[in-house]
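Report on the following structure.
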Amino acid sequence: MTTTLPAEIVSGEITYPTSDGQPMADNTRQFRWIVTIQGGLDALFRDAPDVFVAGDLLWYPVQGRPAIRRAPDAMVVFGRPKGDRGAYLQWKEDQIAPQVVFEVASPGNTLKEWATKLQFYNDYGVEEYYIYDPDENELSGWLRSEGQLRMIDAIEEWTSPRLGIRFALQPDTLHIYRPDGQRFLSYTELERQWEAERRRAEAEERRVEQERRRTEQERERAEQERERAEQERERAERLAARLRALGIDPDQPDT
């Protein structure tokens with residue numbers, strides 16, 4: 001049974017909208033990166049029941065203050081169960097703030113907007129904050145230290161303390177690697193990988209079938225050889241029997 005999520009959440013006498021009316025992304029590249037990061041994180045923690053991953057979900061940190069909110073492009077919350085939500089109401093989530101948030105930049109973002117977001121995430125307990133600009137291929141990150149989000153200087157080969165993922169800036173793009181070395185992939189890349197795996201599996205099935213047939217043919221040839229040898233032995237025994245009937249000992253060497 002599918003549950004329809006509400007357009008707004010009412011808590012007490014306060015209404016908390018589940019949408020801010022803004023689009024998830026301003027262009028296809030930004031959207032693709034948001035989906036890739038959120039999907040990669042969701043896959044990374046798919047077997048962890050107490051890790052909640054969301055994308056473009058409104059986060060309300062303060063009860064009774066619906067104007068205080070942000071919708072990170074992706075966020076990870078350790079200590080909260082998986083499940084669908086219309087919004088993340090922190091006071092209903094054991095007061096656990098998202099520990100890690102991601103934003104993907106678009107040409108429309110302003111410095112003031114970035115400053116406001118950084119201040120929000122700093123004020124409300126985010127431990128790690130990452131911004132990736134796919135147009136400029138620039139990655140920025142902040143890590144909480146001594147109660148404040150502080151910029152990470154050496155970000156090019158940075159590994160997230162919380163997530164264990166590694167960021168590797170390439171000349172023209174960003175690669176994000178899981179702790180097991182697998183790279184975060186877009187849906188198109190995943191589909192290509194699945195197709196390549198399917199073809200490899202089919203090729204392996206054909207190889208196994210060919211090997212089975214060769215083994216069967218070898219078995220049949222061995223059986224045929226055995227039958228021929230048996231026939232030769234029977235013919236030799238019949239000939240020996242005829243010779244004995246004629247008074248000739250076939251086992252007696254010729255003199």
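Express in whole angstrom the spacing between the alpha-carbon centres of the range 206-232 and the range 37-79. With the range 206-232 and the range 37-79 each reduced to a Cα centre, they are spaced 62 Å. The Cα-based radius of gyration and maximum Cα-Cα distance (Dmax) for the range 186-247 are 26.5, 90 Å. So for the range 75-186, considering every pair of alpha-carbon atoms, how many percent are separated by more than 21 Å? Looking at the range 75-186, the distances longer than 21 Å represent 43 percent of pairs.
Shape of the range 102-160 from its Cα gyration tensor (a ≥ b ≥ c, root eigenvalues): rounded if a/c is under 1.5, otherwise prolate when a/b > b/c, or oblate? Write out the running numbers ahead of the final one.
Details: a/c = 2.44, a/b = 1.19, b/c = 2.05.
Oblate shape, in that a/c is at least 1.5 and b/c is the bigger or equal ratio.
Couplings 3J(HN,Hα) for the range 41-46, derived from phi with the Karplus relation 6.51 cos²θ - 1.76 cosθ + 1.60 (θ = phi - 60°), are 5, 4, 5, 4, 10, 4 Hz, where x marks Gly and Pro.
Report the semi-axes of the equivalent ellipsoid for the range 20-154 in whole Å, largest first, where each axis is √(5λ) for an eigenvalue λ of the Cα gyration tensor. Walk me through the intermediate numbers first.
Values: eigenvalues 91, 63, 51 Å².
Gyration-tensor ellipsoid for the range 20-154: 21, 18, 16 Å.
Each residue of the range 91-97 is assigned a 3J(HN,Hα), and the resulting list reads 5, 9, 10, 6, 6, 8, 7 Hz, derived from the Karplus form 6.51 cos²θ - 1.76 cosθ + 1.60 (θ = phi - 60°), x at Gly and Pro.
For the range 141-255, the Kirkwood estimate of hydrodynamic radius, built from reciprocal distances between every pair of different alpha carbons, is 22.2 Å. For K92, the lysines whose Cα falls under 16 Å of its own Cα, not counting residues fewer than eight places away in the same chain, are K82. Rounded to the nearest whole Hz, the Karplus-based 3J(HN,Hα) values (6.51 cos²θ - 1.76 cosθ + 1.60, θ = phi - 60°) of the range 49-62 follow the sequence x, 10, 10, 9, 10, 9, x, 6, 9, 5, 10, 10, x, 10, with x at glycine and proline.
So, by mean Cβ neighbours within 10 angstrom, what's the order for 82-94, 119-131, 240-252 with the highest one leading? It would help to have the intermediate numbers written out before the result.
Numbers: 82-94: 15.6, 119-131: 19.1, 240-252: 9.9.
Taking the mean over residues of other Cβ atoms within 10 Å, the ranking is 119-131, 82-94, 240-252.
Divided by 2.2 N^0.38 Å, where N counts the residues, the Cα radius of gyration of the chain comes to 1.92. Once backbone amide H atoms are built at 1.01 Å from N, R70 has W59 as its partners under 5 Å, excluding neighbours fewer than 5 places away on the same chain.
A short reminder: the numbers here are calculations on the coordinates, not readings from a lab. All figures in this text were calculated on a predicted structure; none of them were measured in a lab. Cβ atoms come from the backbone with ideal geometry, glycine included; neighbour counts cover every protein chain shown.
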